[in-house]
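Written out below as structure tokens is the structure these notes cover.
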Amino acid sequence: MEELLPLEPVVRQHVFVGRNKELAIYHNWLAEYQAVSTLFVVSGMGGIGKSALLAKMNHDTKTKGIHTIFLDGSVCPQTPSGFMEYIHMLIHPYQHGASIDVLIHNPLQKKIILYLDHFDELTALHSWFINAFLPHMAAKGIGIVLATRKSVASPHIRTVSLPLTHFTYEETLNYINAVSSLPPKQAHQLASKSDGFPLGLALAVDMVTKSRKADLRLVSQTISAKFLREVTAVSLHPLLEVLIVMEYANQEMLAAVLQRPICLDEYRALQKLSFIDLHPYGLKLHEIAKTHLKQDFQMREPSRLASLHRKCMQVLYQQLTDTSFTDRAIITSALLKMNRDTWPKNNAYLSFTSTITQVETDHIVESDIPILHDLIEEWCSYSVDPEHNQNYHKFLDALIQLDPDSILLLRNQQHLPTGMFITVHFSTKTAPLLLHHFRADLDACFTPEGCRQAALQADTFVPILITATEHHLSYTRQELTGMLIMEQLAKLAPGKRAILVATNESFRQFLRTIGFQSRPAGDIRCDTSWAKAEVLELDLRKGAFEDWIFDLVPINQKQALTLTIEKTRKLLHSIKSTTDLEKYADYFTDCANGHSVQKKIMSLMEQSDQLTPDQREVLWISFIRFPDNAIRAAEMCNMSRATFYRHQKKAIQQLTNILCS
């Protein structure tokens, strides 16, 4: 295996791309006459490019002949007096003996810019800097630019927040072309696989250009190591691992998965990490950090990751059964996203080349309409025969007037529609429109009376079409379509059903994978000239909604391992060591660690009605009182050794049956 790449040579490359919006805001302030003194806060997770942006700002400012002072928080003194002396030392050479007063009074009314990289390192000075240093800055002409993991603000000075995100596809490609001579095809492939994370991109390009057989998984190892250096408290590592698996977690959920109390200080310390974001229901990992940390976890300890995944599933599943109706969509969405990586990859709608981070879902605005008609036209070209095209365009216009919330859009980073999912809530309001445009499909889905009842009861959703552009640079049409379906599935609830007619076989296979039942449409009006139609239905009006969700988990993820008599015997020999029992936790859905396994087995040996008193006594004497002395154990049971071994075997067999039931 190749060695992990050192960070410094890669990170410090003299190439700068992107950040046009942030630079424009800064340059506009530089151009202002008598500009109000301003604090610019460049924030973002480690490796996102904060230091590179400060270096670029400093370079641009110097070329304009403006005085700059550049400080590195990692080497600054950690006392107010030491900090002030450090600034004075940096000001002195070019201000002809002037002191720090130039920042406080700015007598020449010229711009002076103070850059402070790694502001997080000045933990002892945070409060002093915000509440004592900044209020003394001159009212005009002073610019202070901070690079910090978490955003800060000050009531004492105008503050401009500049949070950094990952690169767009175009910026990613520009970087690759600027620092390498990769062939266009290979550059596009690397850009498509990249998540636009600047550090990851730099490492990947460096690795590909240096090695013909580059293993890009090593990039995740290197980035993971960088992130984990932030986690100075060892007690936070298990909490972080839970967030690697779960979409979000609060203090109670972390405690439930880890089977131990989580104190408020631990939770707050976790929240302060640069790659932890807030979620309405707790904390979550930044998507980019999650991608690399999870890939690294998978490479190092795949079995333990799978075990943790099961425990997290069980906690969410329990929450789903106990939660209020309004919270179900959040938990459902989390369960669906948790298991996306474990679904079979033989279907284009389930094969995500990377985490989809450069799109967002939204509802329609008037300016979207022409683009939506383009999406409809593109969808019609591969989904229906040409004579039906106009029907879909007319339906779209009518639906926008009647029920625009039926249209869910996928937007790219330029906020333009790149995908669309039309799902109509079938009711007395929408039924006439659907019957007018899609009579044949509804006749295939319902009997006449069933159609009337569905409209009256308003318990049915009818997906009409799902489409996405083929021209998105980072994701395929199928990936974007799959994401849209996941978003809508998460909104399903108990007592509802979804029903539709489809002719695309790959799409039908995808729907069957996530629980839809299919049957022939039985109406040639629904067919295309190249394919027969099927009706697909997911009916949650009867039966447990929770069971449908849990059924989506691959069988090897939701079933505990099967115990054998020999494994039960080995378990009993380890009964006094919770450390040795850790490896048996995966055999039980209600055990998270060795301590809970020990508690479960001891409870059975002490009071289980499924074991006879003699069986409980044999097990207790064999493995608790005299675990290493069979002769003494047989004597205590008043048995010969042959009889003792026979009774012991039967007792272990019965215990195994109980544990497997």
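The values are calculated or read from the model by the stated rules, or taken from the named source; none is laboratory data. These numbers come from a predicted model, not from an experiment. Glycine also receives a Cβ, built like all others from the backbone with ideal geometry; neighbour counts cover every protein chain displayed. The protein model used for the area step is the full one, side chains on, heavy atoms only, and it has no ligands, DNA or RNA in it. Shrake-Rupley method; radii C 1.70, N 1.55, O 1.52, S 1.80 Å.
Points to keep in mind about this one:
- FRET efficiency estimate (nearest 0.05) - Cβ-Cβ, Ala35 to Asn389, R0 45 angstrom: 0.20
- Cleavage-rule hits (chymotrypsin sites (Phe, Trp or Tyr not before Pro)) in segment 11-67: DSSP loop, at most 14 neighbouring Cβ within 10 angstrom: Tyr33
- Loop sites in segment 245-303: trypsin sites (Lys or Arg not before Pro), DSSP, at most 16 other Cβ within 10 Å: Lys272
- Net charge over other residues, Cβ less than 15 angstrom from the Cβ of Asn28 (K, R count +1; D, E count -1): +2
- Cβ-Cβ distance of Asp527 and Lys337, R₀ of 30 Å, FRET efficiency by 1/(1 + (r/R0)^6): the value works out to about 0.30.
- The residues of segment 560-633 expose on average 54 square angstrom of accessible surface per residue, using a 1.4 Å probe on protein heavy atoms.
- Residue-count net charge about Arg260 - beta-carbon cut-off 15 Å; Lys, Arg +1, Asp, Glu -1: -3
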